Every structure is written in structure tokens, then in C-alpha cells.
Amino acid sequence: MDSRTGLPVVGMVGGGQLARMTHQAAISLGQSLRVLAVSEGESAGLVAGEVTYGHHTDPEALRSFARGVDVLTFDHEHVPQPLLRTLADEKVVSRPGPSALAFAQDKLRMRERLAGHGIPGPPFAAVSSTDDVLDFGRAHSWPVVLKAASGGYDGRGVWTMHSADEARALVPELRDAGTPLLVEAKVPMRRELSALVARSPFGQGAAWPVVETVQSDGINTEVLAPAPGLDEARTRHAQDLALRIAEELDVVGVLAVELFETGEGVLVNELAMRPHNSGHWTMDGSRTSQFEQHLRAVLDYPLGSTDPLAPTVMANVLGAPETPSMSVDERLHHLFARFPDVRVHLYGKAERPGRKLGHVNLLGELTDGQRHRARLAAHWLSHAEWPDGYEIH
């Protein structure tokens, strides 16, 4: 408990942009989030008032950090299970807890658990040899999707195998590197969706509108909230499915359930037990942002309203192939001159190609024109150029 404020103290393991934005939400709740960051200069470390430096794989760093907080939560899923279990044995409160996080850390374990509860997903199999992939390809037809069971994100750790020859070339290399693998059927989908929910220790649940996510090379580049053309029945089904998963896995905090929409319904793709890129629109487009809701949940406060304020399009700002000569300050100046209604969220990161540097939100009807404006704004912030030929005055 913070002796100055009389409020419980939340510590977030990881100093990235999710911790940065969670810190912003903590301020309105009267708190200053404590952050365990690997090094100086991380996104959260630039804004949070209380930052401890240490690696999330260092037992003593975790123990020392945990002693100063009432509840631990996470900016990422990379804290090893043995350390999470040790902290739990030492009565450290982690939300989500080790048992829940195990299903976000291990995709094969997640698939097996969800299948055991009858939750729809693509056909899958564990991979211990090339023959496992070849047998799966024969049974389910090529192409198939090979995944690293742990450690992958933003398209990393995912390979589409179009033939047995491709599998013979890649699988031994991955197995020799010690990469745990699973294989899944490639789903003929209409689009990708995300159902974002939150759950508290008390058992209260809340769901935001289901959104459509647009991917490029495995990276989420755009989010449309709510998902255009998704009828009420399918929306409610996706929300109920996500809330059921949160309850079945005993998730506390925000849970993002990534979904494939098919002609027959939705299939679960992956899970994230933390604030998620598909929920960044909530910072401006919802009565309660995912970051405030995550704090409410891990503190076991009553959850906030998830009602949308307006339809919202979010576009990620991704680093350009070459860093522009124009400063970020100049880019913001010109962006606001052209689009005064755009909401900008930058993460304080050094620029490099493909890196998530921030995102923009635009509120209003989800027309093609509105989506185009959001993409232009995001591109301008990363590239300092207007693809539509607009001239700076």
C-alpha cells in the first residue's frame, strides 16, 4: 500500500508501450504505476515516476520488485513459468496468475485446453518431427501453418508451408534450433476479428465491441471498431466466447481473443492476456480504455463501461525503411494542420524499419474516406510524406 495515497500499488513487469499507456491510465485513478524495465530509455521508463531496472528472467530482480507492490501484472508474456510459480509460492499476487499465463505462453497447450472445452479452433497437431507435418498435410491438405509454440509475435514464429518439400527443408532446421512446434490447418477465412474482454477476481466480466483487424506481414496495421457488417448475433457469440475463455482459464485483467471469421462462424486463433494492439482504439473511442480497465480488473475494482463513444479507426505508425530527416515535432505540426481531429499516441521509441512507434485514432463513421485519412496520418508520422501527393504549405 502506498503510504502517501493509501492506494494499493500495481507493478507492471515490462517497460514497453503497453506499460507506458497503462501508466497514463493509472494517473486518473490517483496512482503512478511502478514498472520493471530491462533498460533505460524504454517506453514506460520515459514517463513513469517509479521505474526499477532489471530483467524479467532474473529471479532476484523480480523478487525485489514484487516486494514493493501489492499486485503484479505484465506488459508481455515472457516471464518464465518457473519464476512465476516461485513468486506464487512466495505469496506474490500476480494477475493474471501463472496457470492462466501458461496458455498465452504456450500455443500448443492453449489449443489442447480450448479443444478440451469444445471451443472452436482450426485442426492442429504437435510436431516432434518432419513426419508429423507431412502426415498433417496429407490429412488436411496443403498449405498448412507451422507455428512456434512459444515466443512468437507480430508474425514472427509463423510459417506457411505450401508443400511437403517446404516442410522437409524448414522443420529440421527449427527442430535443431530447439524451437517447440505445432502445425495447424490453414483456415479459409473472410477476415480477422478480435474480441476484447476483461475479467476481475470477483468474476465480473466486460466486453468491448468486436473489431476487425487488418494484417500486413503478420503485423496488425489497422483496427475498425466496431467490425463493419458484423451482425448482432455473431457479435454476441464472439463476446460470449471470449468471456467464456476468460472464465475457463481464470484470466484476470484484459484478454484479447484473436479470431478467424469463416462462412460457418468464428475460430479462435490466439490469445493475449494483457492490453492488446486491437484495443488501442479504446483510448479515444470507448468510455473506459483497455488500460484503465486492466488496472480496475487487477485491483478488483468494479469494471468500467465499455460503451463506444463513436465508431473508431486505429492505424499503427510503423517505422519507415529510412528515418526521415524531418523531426517528429515537425511531422506532428504538419499532421495537426491537415487533420486537426486525429488523436496521436506515440511511444517514445527510437525509429527503425517496421517498429511500432505509435498509433492514431480517428472517431467517426467508418467510411472508406475515414480509413484513408487514418492511413495517411500514420504513414505521414513514420515516413514524412503524403502518399496522395498533398503538399505542405
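The values are calculated or read from the model by the stated rules, or taken from the named source; none is laboratory data. What you are looking at is a predicted structure, and each value in this text was computed from that prediction instead of being measured. Neighbour counts run over all protein chains shown; Cβ positions are idealised from the backbone, glycine included.
Taking region 143-176 only, how many residues are surrounded by fewer than 17 Cβ atoms within 10 Å (Cβ to Cβ), over 30 Å from Val79 (Cα atoms) and either touching an Asp or Glu at 6+ places or on another chain (Cβ under 7 Å) or not polar (S, T, N, Q) (or both)? Matching residues across region 143-176 total 6.
Filtered by the rule that a residue be free of Cβ contacts under 8 Å to residues at least 40 places away in the same chain and either out of contact with any strand residue (DSSP E or B) (no Cβ under 9 Å at 6 or more places or on another chain) or acidic (Asp, Glu) (or both), region 91-108 gives Lys91, Pro98, Ala102. Could you look through region 263-278, keep only residues that are assigned to a loop (DSSP other than H, G, I, E, B) and in contact with a helix residue (DSSP H, G or I) (Cβ under 9 Å, 6 or more places away or on another chain), and pick out the one that is surrounded by the fewest Cβ atoms within 10 Å (Cβ to Cβ)? Taking the candidates together, the pick is His276. Can you name the residue in region 151-190 that is within 22 Å of the chain's Cα centre (by Cα) and on the phi > 0 side of the Ramachandran plot and is also modelled with the highest pLDDT among such residues? The selected residue is Gly157.
If you check every pair at least six apart or on different chains, which have Cβ atoms under 7 Å apart with a residue in region 368-392 that is over 16 Å from Leu332 (Cβ atoms) first and a residue that is part of a helix (DSSP H, G or I) and not charged (D, E, K, R) second? Final answer for the pair search is Pro387/Leu376; Pro387/His379; Asp388/Leu376.
Set side by side, the residues Leu174, Leu241, Leu249, Leu146 differ, and just one is touching a residue at least 60 places away in the same chain (Cβ under 8 Å), under 30 Å from Val133 (Cα atoms), in contact with a strand residue (DSSP E or B) (Cβ under 7 Å, 6 or more places away or on another chain) and among the hydrophobic types (A, V, I, L, M, F, W, C), which is Leu241. Scoring Ile119 on the criteria (1) of a type outside the set (Gly, Ala, Ser); (2) part of a loop (DSSP other than H, G, I, E, B); (3) in contact with a helix residue (DSSP H, G or I) (Cβ under 7 Å, 6 or more places away or on another chain); (4) free of Cβ contacts under 8 Å to residues at least 60 places away in the same chain leaves a single failure, condition (4). One residue stands out among those in region 223-262 that are under 18 Å from the mean Cα position of the chain (by Cα) and assigned to a loop (DSSP other than H, G, I, E, B): the one that is surrounded by the fewest Cβ atoms within 10 Å (Cβ to Cβ), which is Pro226.
Yes/no per residue for (1) at pLDDT 95 or above; (2) out of contact with any strand residue (DSSP E or B) (no Cβ under 6 Å at 6 or more places or on another chain); (3) hydrophobic (A, V, I, L, M, F, W, C):
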site: Met283; (1), (2), (3): yes, yes, yes
site: Arg287; (1), (2), (3): yes, yes, no
site: Phe291; (1), (2), (3): yes, yes, yes
site: Val298; (1), (2), (3): yes, no, yes
site: Pro302; (1), (2), (3): yes, yes, no
site: Pro308; (1), (2), (3): yes, no, no
site: Glu330; (1), (2), (3): yes, yes, no
site: Leu335; (1), (2), (3): yes, yes, yes
site: Pro340; (1), (2), (3): yes, yes, no
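Give the residues of region 72-95 that are of a type in the set (S, T, N, Q) and under 18 Å from Ala256 (Cβ atoms), sorted by residue number. Within region 72-95, Thr73 is the sole residue that qualifies. The residues of region 196-211 that are part of a strand (DSSP E or B), crowded, with 22+ Cβ neighbours inside 10 Å and of a type outside the set (A, V, I, L, M) amount to a single one, Arg199. Condition check for Gly30 on (1) more than 19 Å from the chain's Cα centre (by Cα); (2) farther than 18 Å from Ser289 by Cα; (3) of a type outside the set (S, T, N, Q): one failure, at (2).
Just a yes or no: is a residue in region 244-262 outside the structural domain of Arg156 (by TED's automatic domain parsing), aromatic (Phe, Trp, Tyr) and over 25 Å from Glu365 (Cβ atoms)? Yes, region 244-262 contains at least one residue that is outside the structural domain of Arg156 (by TED's automatic domain parsing), aromatic (Phe, Trp, Tyr) and over 25 Å from Glu365 (Cβ atoms). Of Pro308, Pro340, all but one fail to be under 29 Å from Thr367 (Cα atoms), surrounded by fewer than 19 Cβ atoms within 10 Å (Cβ to Cβ) and in contact with a Gly (Cβ under 8 Å, 6 or more places away or on another chain); the exception is Pro308.
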